[in-house]
Amino acid sequence: MIPAAFDYLAPQTLDEAVRALASYGEDAKILAGGQSLLPLLKLRLAQPKLLIDVAKISALSGIGQQDDTIVIGALTTHYQIESSELLKKKCPLLPQTARAIGDVQVRNRGTIGGSLSHADPAADWPAAILALRGEMRLRGPKGERTLGAEEFFLGPMTTAIKPTEILTQIRLPLPLRRSGHAYQKMAQP
């Protein structure tokens, strides 16, 4: 099926994206990797007036460590997480989870922020981020706010992101020494 008509914006900065969200509110949708949103557009389950493609906003990408916290930009792809030497050393559950996601094409295109924002209960990231006591940093016209995973996920396909906000970062405390991890994907036969 063909999506309904929409305007398209590819902002260069986070401020520009937030201004567009503030102007359009519920009539705008954020496009990151497109793995969750594009099927909804094609089925016309989502019909935004404005599609905001944030792919060029470099401030939303990357993996790093600040003190005892791992910081992952919302535009970081599943493959970047899977191949991160920092994460393999400091939080191996994340690369292990990323390896379980889809196929190579999905891992190269899909983003952790898109997956978390979509909040599909069958997705891999929500359970891992909940288990790791993660926090989501959101940015909107009124500034930034940080929500723990248990506050962020309100239910299946539902998050606490306001229509004028964008997920910018995922923040995770470093796992405790002598802690273990495992990720096993469960699928129906």
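The values are calculated or read from the model by the stated rules, or taken from the named source; none is laboratory data. Just so it is clear, the structure is predicted and the values come from calculations on it, not from any experiment. Note that we place each Cβ from the backbone using ideal geometry, even for glycine, and neighbour counts take in every protein chain shown.
Tabulated values for the structure
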| read-out | value |
| --- | --- |
| Residue list for the range 129-170, restricted to those being part of a strand (DSSP E or B), over 27 Å from Thr13 (Cβ atoms) and not hydrophobic (A, V, I, L, M, F, W, C) | Gly148, Gly155, Thr158 |
| Restricting the range 3-33 to residues that are out of contact with any helix residue (DSSP H, G or I) (no Cβ under 7 Å at 6 or more places or on another chain) and of a type in the set (Gly, Ala, Ser), the residue that is surrounded by the fewest Cβ atoms within 10 Å (Cβ to Cβ) | Ala5 |
| Top-ranked residue in the range 53-70 [being closer than 26 Å to Pro163 by Cβ and touching a residue at least 60 places away in the same chain (Cβ under 8 Å); ranked as surrounded by the fewest Cβ atoms within 10 Å (Cβ to Cβ)] | Ala59 |
| Subset of the range 98-116 [closer than 18 Å to Met136 by Cα and not aliphatic (A, V, I, L, M)] | Gly110, Thr111, Gly113, Gly114, Ser115 |
| Lone qualifier among Pro95, Pro175, Pro126 - being at pLDDT below 90 and either assigned to a strand (DSSP E or B) or surrounded by 14 or more Cβ atoms within 10 Å (Cβ to Cβ) (or both) | Pro175 |
| Members of the range 39-89 found to be under 15 Å from the mean Cα position of the chain (by Cα), part of a helix (DSSP H, G or I) and over 21 Å from Pro175 (Cβ atoms), listed by number | Ser58, Ala59, Leu60, Tyr79 |
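For every residue, the table says whether it meets (1) among the small types (Gly, Ala, Ser); (2) modelled with pLDDT under 95; (3) surrounded by fewer than 17 Cβ atoms within 10 Å (Cβ to Cβ).
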site: Val106; (1), (2), (3): no, yes, yes
site: Asp120; (1), (2), (3): no, yes, yes
site: Arg145; (1), (2), (3): no, no, yes
site: Thr158; (1), (2), (3): no, no, yes
site: Thr164; (1), (2), (3): no, no, no
site: Gln188; (1), (2), (3): no, yes, yes
